[in-house]
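Undergrad: I'd like to ask some things about the structure below.
Since every read-out is calculated from the coordinates, none of them should be taken as a lab result. Owing to the predicted nature of the structure, the values given are computational and were not obtained by experimental measurement. Neighbour counts are summed over all protein chains in view; Cβ atoms, including those assigned to glycine, are modelled from backbone coordinates with ideal geometry.
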Amino acid sequence: MEAILEGISLSLSVNALLGIIVGVVLGQVLGSIPGLTAAMAVALLVPFSFYFDPWVGIPMMLAMFKGSLFGSSIPAILLRTPGTPAAAATVIDGYPLAKEGKGGKALRTVLFASVFGDAFSDICLILGSGALAAIAIRFGPSEYVILVLFALISLVSLNRGSSWRGIVAILAGVLIGCIGLDPISGTARLTFGNAELFDGVGLIPMLIGFLAISEVFTQLEQPLKTLSQRAIEFSKRPEDNKLSREERRELLPTLLRSSMIGTVTGALPGLGSTVAAFIAYNEARRTAKRPEEFGKGSLHGIAAPEAANNAVSGANLIPLLAFGIPGDVAAALILGALLIQGITPGPLAFRDNPEPIYAIFSAMLLANLVNYLVGIAYIPLAKRLVSVSKRLLFPAVLVFASAGAYAMRGSLFDVQMMFVFGLIGWLMSKFKFPTVLLLIGFILAPILERSARQTLILIDSSDGLLAFVQSRPVLMILLGVLAVLAVLVIRQQISMRRFTDQDDDGVMGPG
Amino acid sequence: MSVRSREAAIIAGLLLVTAVFGLVLIPMGIREGYGSSGAGLSPRFMPEIATMGIAVALLFGLVKQLLSVETAAGAEAHPDGVVGHPMRAVIVIAICLFFSLVGFRMAGFYLGGVVMAASLTALLGEREILKVVVFPVLVLIVIYIVFEFGFQIRLPKSGLIASIPV
């Protein structure tokens, strides 16, 4: 109880509150700029969180993510340019409503649904992660190997493109994660005498390079004409720019159902917000009283995908906080920010140092409230920002990213690495390799390697593999679950080969 | 070249790179020291497993590609249905790499940043000279204020200017 109160007091300090407000504002503003995806915006801002006190930097980062998720729906609705793949479902009804001049109403629906879904999943996170962490604390290195493999297999199986491309991407991430000093023997690995690589490849250049720079390179392929876009007109009638109490009440069942879909989807590694948004959209249309309105500007069609994709953002922290394993790119970014601040999430954090975890929980709830209030004020200004021309925006992003990559370690080498990773990410997206899986492979590499090597040493010192497995009941259960998952994945791949186009892009997207 | 042949050629190229990595770069880049021969102790353990895994996945992809039914070859289409311009992206990448390797070191971050942003803005089709020059300067002023005053971070200054014996 003391830890909970201490955690809450950390997030309620004036500095933390300011961090949340600044984070939400920056997230909403950057997220709403066309061409800047939510992940890209946050990746650009991660290095700066290091320069603040942890209890300003961490709430700011969490708030930034929430703000950017709402912000990225603004160009989806006003310009038909989803700031994130998850916002693609929002476009279906959001853009037609905005074209009628009701952009204000559409944006308020998005804001209401986003905050509802986000708060719902945050509460589930608070209730669920502690219980899972209590189980995870009994896990040894062998159980962690199985858990990481479980996460990786789920990610590969749910990547809509070829599964072999997913495996190549993950293992390439693991390989990059091996660069630097060996964690057990201290031998330099694949550094080729470069002292800058002894500490390994920097997480920040990796994140900015693969998420932001590669996306800029990809978008620069657009014809010059499409690099400048115009915003949509807003109606001047007040009722077209607000969401009435009756409309909110009518949306509640849809919001609740969609938030549940998003929370369940988010808790499983790899499914991601895009899948959740489309499942929720289809479910809303299936259960709607007036399904014929879908696709023509239905408020339910806007609220359902938004509540679901925002609910994913809280729930995908469940595997991160309970096991220390990020389930998707959002969790990977938050893990990066926590590690920068010296906080290692996982079951031990709940036992040994729970205050930061409770501070994170209360900061997340508080950030939802701030996100709503700032969003209400920001909507009228948003239409100005979405009209920023990409030909001005992208050079600014590249220079800003260079400064961010340099700032972390004061090294131009990191700037060079960032552009190299941007180039690799761009090539990967051209050849349909999912870059997000590479990032998750890179982040999980140290956990996987340490646990795998410790397990091998343990097996070596026991009476053989069978005796080792028999002595660990949790490992036996996890092995059983992994075997079932593997069978399901193989069956799914066989059925997918029959029904889907092999050349399709992945769920994780190119970026 | 058909889509299938092109894909197969790419996978074969990647397999070759993987083979060079596994057979040449790993032995060159990771020396096995004394006492690293026991189970799980070799520093090459994870890189070798990852490389082998990549090779197996690529082989699987190659076989799958060779056995697949031929599809119609098409132009590199943009998601919006328009033909993309990869050459522009290549030029931008070259400019970025030039500035990160040479430009920032020689001209310093602020001057280099202005030149980099201005050249990229012009490359992307902006023809109003005011926007080409003023916008990058404004961006760098914001970066200067945020970094030098806000975070007390010194971004690299011009070595060229510092070397002038004044």
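Undergrad: Run the Debye formula on the Cα coordinates of region B:82-161, all scatterers equal and no solvent, and tell me log10 I(q)/I(0) at q = 0.17, 0.18, 0.23 1/Å.
TA: -0.74, -0.81, -1.10
Undergrad: Using each residue's phi in region B:138-154, evaluate 6.51 cos²θ - 1.76 cosθ + 1.60 at θ = phi - 60° and report the 3J(HN,Hα) Karplus result to the nearest Hz, with x for Gly and Pro.
TA: Each residue's phi maps through the Karplus curve to give 4, 4, 5, 5, 4, 4, 4, 5, 5, 7, 6, 9, x, 9, 6, 9, 8 Hz.
Undergrad: Here is a follow-up. What list of ³J(HN,Hα) couplings, whole Hz, do you get for region A:430-439 from phi and the Karplus terms 6.51, -1.76, 1.60, once you set θ to phi - 60° and write x for glycine and proline?
TA: 5, 9, 6, 8, x, 5, 5, 5, 4, 4
Undergrad: Also: What lysines does residue A:236 reach when the alpha-carbon gap must be under 23 Å and sequence neighbours fewer than 8 apart in one chain are set aside?
TA: Excluding near neighbours in sequence, the set is A:99, A:102, A:105, A:296, A:383.
Undergrad: Quote the relative contact order of chain A in percent (integer), defining contacts as alpha-carbon pairs under 8 Å separated by 6+ residues. All intermediate terms of the calculation are to be shown ahead of the outcome.
TA: Numbers: 972 pairs, mean separation 145.1, N = 511.
It comes to 28 percent, rounded to a whole number.
Undergrad: Rounded to the nearest 0.05, what FRET efficiency do residue B:101 and residue A:14 have when you use their Cβ-Cβ distance and R0 = 45 Å?
TA: Using R0 = 45 Å, I get an efficiency of 0.55.
Undergrad: Mind listing the phi-derived Karplus ³J(HN,Hα) values for region A:187-200, rounded to whole Hz, using 6.51, -1.76 and 1.60 with θ = phi - 60°, and x for any glycine or proline?
TA: 6, 6, 10, 6, 8, 6, x, 7, 4, 5, 9, 4, 7, x
Undergrad: Roughly what would the spin-label model give for residue B:149 and residue B:10, points 7 Å off Cα along C-beta, in nm?
TA: Once both label points are built, they end up 4.8 nm from each other.
Undergrad: Taking the Cα centre as origin and putting +1 on Lys and Arg beta-carbons and -1 on Asp and Glu beta-carbons, what dipole magnitude results for region B:82-161, to the nearest 20 debye?
TA: 120 debye
Undergrad: Another one. Just rank A:463, A:414, fewest to most, by other beta-carbon atoms within 10 angstrom.
TA: Details: A:463 10, A:414 25.
Final ranking by Cβ density, sparse to dense: A:463, A:414.
Undergrad: As a check on your grasp of the helix formula, calculate [θ] at 222 nm for chain A: sum -39500 (n - 2.57) over DSSP H runs of n ≥ 4, divide by the residue count, round to the nearest 500.
TA: Mean residue ellipticity at 222 nm (helix-derived): -23500 deg cm²/dmol.
Undergrad: Using the Cα atoms of region A:67-144, I'd like the radius of gyration and the largest Cα-Cα distance, Dmax, both in angstrom.
TA: So, for region A:67-144, Rg and Dmax equal 18.3, 58 Å respectively.
Undergrad: In the calculated pair distance distribution of region A:2-461, what percentage of Cα-Cα distances lie above 32 Å?
TA: 36 percent
Undergrad: Something else: Starting from the Cα of residue A:432, draw a straight line to each of the lysines and keep only those under 17 Å, dropping any in the same chain fewer than 8 residues away.
TA: B:64
Undergrad: Under unit Cβ charges (Lys, Arg +1; Asp, Glu -1), what dipole magnitude, rounded to 20 debye, does the protein assembly as shown have relative to its Cα centre? List each step's numbers first, then the result.
TA: Details: 49 positive and 43 negative charges, 283 e Å.
Dipole about the Cα centre, nearest 20: 1360 debye.
Undergrad: Separation of region A:128-172 and region A:415-486 by C-alpha centroid, Å?
TA: If you average the Cα positions of each part, the centres end up 7 Å apart.
Undergrad: In region B:82-161, if the dipole is taken from +1 on Lys/Arg beta carbons and -1 on Asp/Glu beta carbons about the Cα centre, which of B:140, B:93, B:124 is farthest to the positive end?
TA: B:93
Undergrad: Give the angle, between 0 and 90 degrees and rounded to the nearest 10, that separates the Cα long axis of helix A:473-499 from the longest principal axis of the Cα atoms of chain A.
TA: Rounded to the nearest ten degrees, it is 50.
Undergrad: Using the alpha-carbon atoms, what tilt in degrees (0 to 90, nearest 10) does helix A:272-287 show relative to the longest principal axis of chain A?
TA: 50 degrees
Undergrad: Next question. Starting from the amide H of residue A:181, placed 1.01 Å from N in the peptide plane, find each other amide H under 5 Å away whose residue is 5 or more places distant or on another chain.
TA: Amide H neighbours of residue A:181: A:189, A:200.
Undergrad: Taking amide H atoms as placed 1.01 Å from N in the peptide plane, list the residues 5 or more away in sequence, or in a different chain, whose amide H sits under 5 Å from that of residue B:30.
TA: A:190
Undergrad: Separate question: What list do you get for A:137, B:145, A:74 if you sort them by fewest beta carbons within 10 Å?
TA: Numbers: A:137 14, B:145 10, A:74 33.
Sorted ascending by nearby Cβ count, the order is B:145, A:137, A:74.
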